[in-house]
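Asks: Before anything else, here's the structure in question.
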Amino acid sequence: MLRRLALITGAAMMLALTGCSTTVALTPADDANNPACAEVTVRLPQSVAGQDRRWTDAQATGAYGTDGKTSVILTCGVAVPGPTADLQCVTLEGIDWLVDESDAPRMRMTTYGRNPAVQVFVDTEVVSANDVLTSSGIVSGVRMIEADSACSTPDELPE
């Protein structure tokens, strides 16, 4: 009887704990198994630009948000982009990013000149992309991937 009560109590506690934090469902990138991606993800901070870290269900990913909503998603191991004139290239804290604003207010930034590439989606209605990419723990992990090329004419990231 006591054992059964302990099992029921334990199960109820597990349900209560999992009910408070939802896991963000993501798909791992093709090169998520790259050891450099492990270097990136182990250095992800507990919060970025006032957004708390959330659990994800895919390797080499990270997510941040508040109140059960995700405002920042990081994926390591995405396709390495080549040179392009179609996207703005910015340099922030020594890291070059290709900026895609085609899905505004969500902004997609992909590292340029690093293999594997890291991609960060930011909901700019909730948080500034500048705040996410500068002075945050995200850059410390991305710096672990050595740069082999750079933007030819980097710009400043729009607010």
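The values are calculated or read from the model by the stated rules, or taken from the named source; none is laboratory data. The model shown is predicted, which means the values in this text are computed figures rather than measured ones. Ligands, DNA and RNA are stripped out before the accessible areas are found, and what is left, the full protein with its side chains, is counted by its heavy atoms. Shrake-Rupley method; radii C 1.70, N 1.55, O 1.52, S 1.80 Å.
Asks: So how exposed is residue 39, as accessible area in Å² (1.4 Å probe, rounded to 10)?
Replies: Estimated to the nearest 10 Å², residue 39 gives 80 Å².
Asks: Express in Å², to the nearest 10, the accessible area of residue 136 obtained by rolling a 1.4 Å probe over the protein heavy atoms while all chains stay in place.
Replies: So the heavy atoms of residue 136 present about 20 Å² to solvent.
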